[in-house]
Amino acid sequence: MSGPQRGIYDDAKRYLDAQEANFSYIQDDTSGELRNALYDPQCFKGDRMQQLKTKLDALKQAVTSELDKTRKQANAMLDQMQQRMQTMDEYKALPEARTDELNAKFQELRSHFAQQRLIAVINALLRRFEEQGYQTLLRRMVEMAKPKPTHTDTSIGGKTSPGIKETKAEYVSARKLSIPFDKPLLRDSADVDRYVEALRQALLKEIGEGKQVQV
């Protein structure tokens, strides 16, 4: 096989190898059909290569569309988290240099999304930020906004008395809370009321223990 047909064959093989991890997010089995066609010794006969190219182009479009959708959803989640952070009193109390530092983390992640070609990796990056990075960022923001003490020790009767050690706030993600509920699905308003109350109690429990809940 040579010429344009060989070019189509090589392009299809390279694409299938590079994008294999994305195919599970596509609803049809075009990728499987293409692999079967490439393994067929008769694939170069007649107009089979043109048919293969048509399917390959359709698959590329489907993957690109799903990738764009994933990026859009991930960026929307980032926007939501960033906006919530920016409404906090601690954020508003910071100078511009500090808020720029906080916002840079979001822009850095958006750049990663834009460069990434695997849907699963984008989802993993977002999930890790939601579960770990965002809490770290909020903790950093609160620490930066705290007034710096002028001294930590006081002298009493010629002796040095240590200052009070301030305890750091503990953060917990609302997603990780265990909500005691006896149904896997909410089917009516009564179910909703019961679930909301169970969620409320779980949140109050964490707050009562001195924790701050990330939503």
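Assorted remarks:
- Subset of the stretch 1-55 that is surrounded by 16 or more Cβ atoms within 10 Å (Cβ to Cβ) and among the β-branched types (Val, Ile, Thr) - its residue that is nearest to residue 120 (Cα to Cα): 26
- Within the stretch 174-191, residues that are under 17 Å from residue 206 (Cα atoms) sit with their Cβ atoms under 7 Å from residues that are acidic (Asp, Glu), at 6+ positions apart or across chains, in these pairs: 177/206.
- Inspection of the stretch 109-125 identifies no residue that is more than 30 Å from residue 26 (Cβ to Cβ) and modelled with pLDDT of 90 or more.
- Residue that is farthest from residue 141 (Cα to Cα) [pool: residues in the stretch 164-180 that are modelled with pLDDT of 80 or more and in a loop (DSSP other than H, G, I, E, B)]: 180
- Checking the stated criteria, residue 107 turns out to be within 30 Å of residue 146 (Cα to Cα), out of contact with any Phe, Trp or Tyr (no Cβ under 8 Å at 6 or more places or on another chain) and free of Cβ contacts under 8 Å to residues at least 24 places away in the same chain.
The values are calculated or read from the model by the stated rules, or taken from the named source; none is laboratory data. As the structure is a prediction and not an experimental result, all values here were calculated from the model. A quick note on method: Cβ atoms are made from the backbone with ideal geometry, for glycine too, and the neighbour counts reach across all protein chains shown.
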